[in-house]
Structures are given as structure tokens and as C-alpha cells.
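The values are calculated or read from the model by the stated rules, or taken from the named source; none is laboratory data. None of the values given here were measured: they were computed from a predicted structure. Glycine gets a Cβ as well: all are built from the backbone with ideal geometry, and neighbour counts include every protein chain shown.
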């Protein structure tokens with residue numbers, strides 16, 4: 001059992017590869033691009049890869065399993081998720097998946113945090129990934145399923161951890177309130193937090209991050225670009241925040257963030273990738289990539305030196321909130 005943020009820092013690399021795009025998120029990713037992205041990430045030293053059955057109805061897991069098959073297993077950290085069981089739906093095979101992935105709707109996602117549902121989900125993920133164990137498994141988006149997820153769901157993952165099928169257990173969500181409750185009331189190793197501790201949204205400072213520090217739980221920060229608003233040097237026309245058009249005040253703040261970054265010779269996406277890691281509870285950032293160029297660029301942004309003066313100005317100007325004990 002992983003039992004503290006310091007140990008987790010040693011085990012979870014500071015950057016992970018988010019594989020939603022390998023599941024054809026929003027539009028098709030070619031096999032060539034998928035291989036190029038994983039190859040480039042590996043060449044850049046990325047050893048943590050995150051996926052889920054939800055991503056392309058298993059396509060992301062299958063592709064990732066194939067693309068990692070020739071890598072040394074002891075060097076790779078793989079995480080996936082449970083909570084949505086894929087139930088074959090042959091009558092819909094000629095339709096497009098309705099949940100944002102450019103794949104045939106060969107299956108229906110059914111919420112299931114029961115013992116049987118979790119075990120079936122893990123068995124299917126192991127088969128698709130070509131693995132005999134999964135390093136990290138997260139309860140996936142249990143927003144409307146607290147009772148089941150926090151009881152049978154988490155208990156089953158803990159049992160699988162004890163059996164050696166799973167290395168670490170946690171929860172992955174796009175909010176911070178419920179993960180904070182998981183951390184306070186249960187024994188989880190990690191939380192994958194999407195979009196709630198970023199350069200433009202530090203709401204997790206109010207609940208999850210203090211709880212994680214107190215309990216020694218590691219935070220994996222995902223969605224660090226907030227779905228696109230922070231992904232370019234300056235916000236572009238059509239940029240989205242949490243997959244929707246940003247309100248004017250957020251667009252204005254993103255521009256102000258970009259101007260401060262530019263003043264210090266750093267682009268906005270580089271600061272967006274590095275910012276979460278400045279909090280002592282955050283052990284890794286997971287960033288998606290669809291192509292080799294995107295994977296290389298993400299790794300380069302993590303390695304780019306950022307002057308302390310940039311963080312200081314962002315804090316002093318009130319553009320970001322920071323952890324009281326952080327060196328910002």
C-alpha cells in the first residue's frame with residue numbers, strides 16, 4: 001500500500017500521458033498518430049500512462065496495451081478507471097458513440113460500482129491492456145454515486161490491492177468536494193483531480209488539497225489546460241473552458257495570465273503544466289496528447305525553466321491563489 005505523499009513522489013513520475021485522445025476523443029486519431037504520440041512520450045522519458053474504459057469504449061485501453069507491449073513492464077506505470085461497465089449493444093453498432101468519442105457505439109456504458117461490476121471491469125481492462133496487474137485504479141466520476149462508490153466500489157478496489165491485482169487505489173473527478181470527502185473518510189492512495197487546481201482555477205485549495213496534505217494522499221493533476229483555454233500562448237478564438245465557451249471574466253484573466261508569463265519569457269501552457277506541481281500534495285500532472293509533436297511539446301514544457309519571479313508576480317497580482325507554505 002502506498003502510504004504517503006513523499007513515497008508517492010518517488011513512485012509516480014511528475015508527468016503522465018493522458019490517453020483519452022487514443023480513444024478518438026471528439027474526432028478520430030489514426031493508428032499512426034497514436035503510435036507516434038506514445039513513442040515520442042516514451043523517448044521524452046514519460047513512464048506514466050493513464051486511460052479508462054470510457055475512452056472510446058475500450059479503444060484507448062486496447063491501443064495503449066498494444067503500444068506499451070514491447071516496453072519493459074517494470075518501467076511503466078499504468079492507471080485506468082472503474083465505474084462504467086461496457087455492456088455490448090449490437091443494435092447500435094452502426095451508430096456513433098453519443099458521449100464524445102468518434103467510435104461505433106458497440107457498447108453501452110452502465111454505471112456499476114458493485115463488487116461484481118468492479119471485478120468485471122478490471123478483468124476486461126486487464127485483457128484490453130494485456131497486463132496481469134494495473135498499477136493505479138481510480139473510481140471514475142462517481143459524482144451521483146457516492147453511496148455505492150464509497151462502499152462496495154472502494155472496498156472492492158482495496159481487496160484487489162491486497163490481492164496484488166491493483167497497486168494503488170483512488171478516485172478521479174472533475175470536482176474537489178467529493179474527492180476531499182473520500183480522502184477524509186476513507187483510505188485512498190491517490191486522487192486524480194481534473195481542472196480544479198490549475199493556473200486559472202485553484203478551488204481545490206478550499207477542501208481537497210488541505211485534506212490530501214493532512215492524510216498523505218497524492219494528487220495527480222489533470223486537465224491543466226482547462227480543456228483548451230490555457231493551451232496556447234494567448235487564448236484563441238474558440239478556446240474552451242471545461243469544454244464550453246469561457247465567460248468573459250475568465251477569458252480576460254487568461255489574457256492577463258498570458259501577459260505576465262510573456263513578460264517573464266515563458267509561454268502560458270508551460271506555466272499551466274508546471275503550476276500544479278508547486279503544491280506539496282501534487283505528485284504528477286497528466287496531459288493528453290494525440291500526436292508525437294504534442295507529446296514532445298508537453299515534455300519540453302515540463303522541463304522549461306520558469307523564473308521564481310513569474311510565480312511571485314502571479315501571486316502578488318492576485319491572479320492566482322497559492323498554498324500558504326509554497327515558495328511562490
Between a residue in the stretch 279-297 that is at positive phi and any residue that is surrounded by 23 or more Cβ atoms within 10 Å (Cβ to Cβ) and modelled with pLDDT of 95 or more, which pairs come within a Cβ distance under 9 Å, given they are 6 or more apart or on different chains? none
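Restricting to the stretch 66-85, count the residues that are more than 18 Å from the chain's Cα centre (by Cα) and either closer than 19 Å to residue 289 by Cα or not in a helix (DSSP H, G or I) (or both). Spell out the reasoning first.
So in the stretch 66-85, the residues more than 18 Å from the chain's Cα centre (by Cα) come out as 66-75, 85.
Subsequent filtering for residues that are either closer than 19 Å to residue 289 by Cα or not in a helix (DSSP H, G or I) (or both) retains 66-72, 85.
Of the residues in that region, 8 qualify.
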Would you mention how many residues in the stretch 280-310 are outside any strand (DSSP E or B) and touching a helix residue (DSSP H, G or I) at 6+ places or on another chain (Cβ under 6 Å)? 11
Which ones in the stretch 140-158 are in contact with a helix residue (DSSP H, G or I) (Cβ under 9 Å, 6 or more places away or on another chain) and either within 20 Å of residue 11 (Cβ to Cβ) or without any contact (Cβ under 8 Å) to a residue 24 or more places away in the chain (or both)? 157
Filter result (within 11 Å of residue 202 (Cβ to Cβ) and in a loop (DSSP other than H, G, I, E, B)) within the stretch 311-324: 319, 320, 321, 322, 323
Scanning for something touching a strand residue (DSSP E or B) at 6+ places or on another chain (Cβ under 8 Å) and either part of a helix (DSSP H, G or I) or modelled with pLDDT under 95 (or both), does the stretch 137-145 turn up at least one residue? no
All positions within the stretch 107-134 that are assigned to a helix (DSSP H, G or I) and under 18 Å from residue 79 (Cβ atoms): 118, 119, 121, 122, 123, 124, 125, 126, 127, 128, 129
Go through (1) within 20 Å of the chain's Cα centre (by Cα); (2) part of a helix (DSSP H, G or I); (3) free of Cβ contacts under 8 Å to residues at least 40 places away in the same chain for residue 212 and report which single condition fails. (3)
Given the conditions (1) free of Cβ contacts under 8 Å to residues at least 40 places away in the same chain; (2) in contact with a helix residue (DSSP H, G or I) (Cβ under 8 Å, 6 or more places away or on another chain), every one holds for residue 189 apart from (1)
